[in-house]
Amino acid sequence: MTKPSTADDCQILQSYHAYYPVPTAAALWCGVPPKTIETLLQEAEPIEDGIFHHPEIACLDERCRVIHEAIEQDQLPCGRLGNGQLLHSQDPVPRAMRTIQRRDFKDWIEREFPADKPSLLFDAVERQRRSGISVETFLALKAEHDRLEKQLIKQKRRCKRLQGQKKSLKAHCHQLEEAQQHRPLGERAETTYLNIIAALMELLLPSPGDSSPAPRFRRQADVIEALLARHEGKPGLSQRTLQAKLAAANQRFRAS
């Protein structure tokens, strides 16, 4: 069953065929509510034929002038006192008697002033639409825009999540590096280091029965004393530690 017409539908049809005197059309274009137009126009001051000025309505006089010029240049059809018959410049109508149809007025504004569409004459879709673009095209473009905007929001969230994961991985790597630095030596690595130490000690100290030229140091204590003198305060180079490590190195080296 067809849905019955509503009062709003009737108002739309009535406004479609509505006629406005030029000052009324100019006031609507200025955004003046219909209920206050008559009162404000009665207060307006006529400054030229068919052109009015009101201190509370910005650009009322300019819009009156532009509308009259459009009528006189056959850009905007007009009638005489709203009788429905459209006249042209060949049939001049006194400015005070000119009336313009709502739909013609809207078409002219959309064509000549597409960025200046008042909400009292144009709905939200009409205000966003540009000349040469149909409603269907506009709605399709808007749907695509909304889809891309949702996709952008989704990608921003994903990027933020990945940045958080990157930060966590970086912190984890830092922890692993610190743990690796403080990790105790394995038995094989410790044996290697101790063997190197012992081999160096053999080069520095004389061996029993060796007739080679006299080495720089004759005793292990001399090596420790020289190390302490040159590297005082270095971590791991205390006298006690050096004695223990060198003894362990000699013992491990002889046993290998």
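Any read-out appearing in this document is the output of simple, stated calculations on the displayed coordinates, not a laboratory observation. The structure displayed is predicted, hence computed values, not measured ones. Quick reminder, even Gly has a Cβ in these numbers, built from the backbone with ideal geometry, and neighbours come from all protein chains shown.
Some notes on this structure:
- Sequence of Asp49, Asp107 once ranked by neighbouring C-beta atoms within 10 Å, starting from the fewest: Asp49, Asp107
- Karplus-derived HN-Hα couplings along segment 95-101 (A = 6.51, B = -1.76, C = 1.60, θ = phi - 60°), whole Hz, x at Gly and Pro: 4, 5, 9, 6, 10, 10, 6
- Look at Glu72, Glu144, Glu187, Glu112 and count the other Cβ atoms within 10 Å of each Cβ; fewest to most, that gives Glu187, Glu144, Glu112, Glu72.
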